[in-house]
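The values are calculated or read from the model by the stated rules, or taken from the named source; none is laboratory data. Note that the structure is a prediction, hence the values are computed from the model and not measured. Here Cβ is always computed from backbone atoms with ideal geometry, including for glycine, and neighbour counts include all displayed protein chains.
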Amino acid sequence: MKEIKINSIGHTEAWCMKYIGPRLFYIHNKSGGPGWMIVRENGETLLRVEDEKKYLLALLKFGK
């Protein structure tokens, strides 16, 4: 999985649900579905994407 640092969890999660796949789980520090996961750890929020092409789209949209 490739990782991207993100700022807005809600906006990123909505984009992932629309373009990658539905959200299947929500835990206090993780949420995600098939092909993606948003993780909050060590003071950072990361988006992890499995597919290279979808990762590139996410990087263009949310990358710093």
Looking only at strands (runs of 3 or more DSSP E) that fall completely inside the chain, which ones have 2 or more residues that are among the hydrophobic types (A, V, I, L, M, F, W, C) and surrounded by 12 or more Cβ atoms within 10 Å (Cβ to Cβ)? 36-41, 44-49
Are there any pairs, at least 6 apart or on different chains, whose C-beta atoms fall under 6 Å, with the first in region 37-64 and at positive phi and modelled with pLDDT of 95 or more and the second buried (at least 16 other Cβ atoms within 10 Å of the Cβ) and part of a helix (DSSP H, G or I), and if so, which? none
Specify which of the listed residues (Ser31, Ser8) is modelled with pLDDT of 95 or more and not hydrophobic (A, V, I, L, M, F, W, C). Ser31
Within region 2-25, the residues that are farther than 15 Å from Phe62 by Cα and in contact with an Asp or Glu (Cβ under 9 Å, 6 or more places away or on another chain) are Arg23
